[in-house]
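Peer 1: Just dropping this structure here.
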Amino acid sequence: MSRRTDVDESDVRVRPGRGTRPRSKRRPQHADATEAMVTVVDRGRWRCALGGDPGRPVTAMRARELGRTPIVVGDRVGLVGDLSGAPDTLARIVRVADRSTSLLRTVDDTDATERLVVANAEQLVVVTAVADPEPRTGFVDRCLVAAYAGGLAPVLCLTKTDLADPEPFAAHYRDLDIPVLRTRRDQAPDELAGLLAGRVSALVGHSGVGKSTLVNALLPDAEQRTGTVSGVGKGRHTTVAAVALPLDGPDSGWVIDTPGVRSFGLAHVSPDDVIDAFDDLAEASKDCPRGCGHLGPPADPECALDALVAAGELRPRRLEALRRVLVALR
Ligand code: ZN
């Protein structure tokens, strides 16, 4: 690659009226950068939707000045350079906007390195089957913790409800006030479609739970519209962590599928990160002793959330449901 592509007109600029010192090349302002949303990341290449329009895909590299700044699916970036999107052209990402939410995971619960999976998703849809395979609260609990800690609103989507009664599993989460949707194999997921419309939503779920079936039902030709995933990077047959797929119509939202995410290590999350997601509990938890895990007796005998229940300000079942989720952090 020629070094010329690393310099453009915005790199050197004279500030009008305030002295004549040209701006240093080291502090490019890129005022003319074009906004875009990252839709796929694969081996050092970022597929972006120019102006958030899925019909204007551009492939980009990360500008040198950004160093190793993580840039993930859902990130809002500023692009300069060749924005034509023509084959074999590369734009440059020169800026990453502050994130409204961050879905993070670690490889396991002892891993010190947190990895950003998805940025700026408003909701995390946890997809799990009520049968074939049997549902597990452990996986769902971990997803909920990651959602609460990252600022995403969790949604539980129970699939294959024509095979088994979803209510026993749904009951685990009822008191957390999470939307719980039910889908059947013989019906279109209309309720889910309604919840996704106009929003950016990440979908997580183990293989076999019917997540791919849902994605295909929601977005019959999404892959053609975004360009095939395997064509973005330098190699074929790569597994990407996440891919953003556009819902139909202008401003109708994005579904971010996460085929590369099979577990949520939570080494980066503290119990307080979860409690802080609940407006009615965050304030009360300030009375907890330092390092409180909020699990109640015997592990946390002085947890202030128990006092909240005793005062009649918190439903016991709500606290129990929350504590079942917090156990995932132990
Ligand atoms: Zn506590």
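The values are calculated or read from the model by the stated rules, or taken from the named source; none is laboratory data. Note that the structure is predicted; figures quoted are calculated from it, not measured. Heads up, the Cβs are rebuilt from the backbone with ideal geometry, glycines too, and the neighbour counts pull from every protein chain shown. To get the accessible areas, we keep the full protein, side chains included, count just its heavy atoms, and leave off ligands, DNA and RNA. Shrake-Rupley method; radii C 1.70, N 1.55, O 1.52, S 1.80 Å.
Peer 1: So for each of 89-95, 187-193 I average, over its residues, the number of other beta carbons within 10 Å; can you give me the resulting order with the highest mean first?
Peer 2: Listed from highest to lowest mean packing, they are 89-95, 187-193.
Peer 1: Could you tell me the center-to-center distance, by alpha carbons, between the stretch 257-271 and the stretch 312-330 in angstrom?
Peer 2: 21 Å
Peer 1: Can you tell me the order of 106-112, 202-208 when each peptide is scored by its average per-residue count of other Cβ atoms within 10 angstrom, highest first?
Peer 2: Highest-to-lowest ranking by the protection proxy: 202-208, 106-112.
Peer 1: May I pose another question? Return the long-range amide H neighbours of Ile256 (sequence gap of 5 or more, or a different chain), with a cut-off of under 5 Å between placed amide H atoms.
Peer 2: Long-range HN contacts for Ile256: Ser201, Ala202, Leu203, Leu245.
Peer 1: Tally the DSSP beta bridges in the stretch 82-164 and give the antiparallel ones as a percent, rounded to 5.
Peer 2: 35 percent
Peer 1: At q = 0.20 Å⁻¹, what log₁₀ I(q)/I(0) does the stretch 168-224 have when each alpha carbon counts as one equal point scatterer in the Debye sum?
Peer 2: -0.92
Peer 1: Another question, then. Could you state the accessible area per residue of the stretch 142-187 in Å², with a 1.4 Å probe and every protein chain left in place?
Peer 2: Dividing the accessible area of the stretch 142-187 by its residue count gives 39 Å².
Peer 1: Pick out, from Val58, Val96, Gly78, the residue whose Cα sits farthest towards the positive end of the charge dipole of the stretch 33-104, with +1 on the Cβ of Lys and Arg and -1 on the Cβ of Asp and Glu.
Peer 2: In the stretch 33-104, that residue is Val96.
Peer 1: Per-residue HN-Hα couplings for the stretch 257-264, Karplus 6.51 cos²θ - 1.76 cosθ + 1.60 at θ = phi - 60°, whole Hz, x for Gly and Pro?
Peer 2: Karplus-based 3J(HN,Hα) across the stretch 257-264 equals 7, 10, x, x, 9, 10, 7, 10 Hz.
Peer 1: State the percent of C-alpha pairs, over all pairs in the stretch 286-330, separated by a distance greater than 13 angstrom.
Peer 2: The proportion of pairs with Cα distances above 13 Å equals 52 percent.
Peer 1: Which whole-Hz ³J(HN,Hα) couplings does the stretch 79-92 yield from phi under the Karplus relation 6.51 cos²θ - 1.76 cosθ + 1.60, θ = phi - 60°, glycine and proline marked x?
Peer 2: 10, 10, x, 6, 9, 5, x, 5, x, 6, 9, 9, 8, 10
Peer 1: Let me see the P(r) profile for the stretch 48-99: every Cα-Cα distance counted, bins of 5 Å, each bin given as a percent of all pairs.
Peer 2: Taking every Cα pair in the stretch 48-99, the percentages come to 5, 22, 33, 24, 13, 3.
Peer 1: Considering the convex hull of the alpha carbon atoms of the stretch 64-180, report its projected area averaged over all viewing directions, in nm², one decimal.
Peer 2: 10.6 nm²
Peer 1: Over the stretch 85-177, what is the relative contact order in whole percent, taking alpha-carbon pairs under 8 Å and six or more residues apart?
Peer 2: 28 percent
Peer 1: Given labels modelled 7 Å from the Cα in the Cβ direction, how far is it in nm from Val107 to Asp190?
Peer 2: 4.6 nm
Peer 1: Ordered by packing density, taken as the mean number of other Cβ atoms within 10 Å over each peptide's residues, highest first, how do 75-83, 295-303 rank?
Peer 2: Going by the mean number of other Cβ atoms within 10 Å, highest first, we get 75-83, 295-303.
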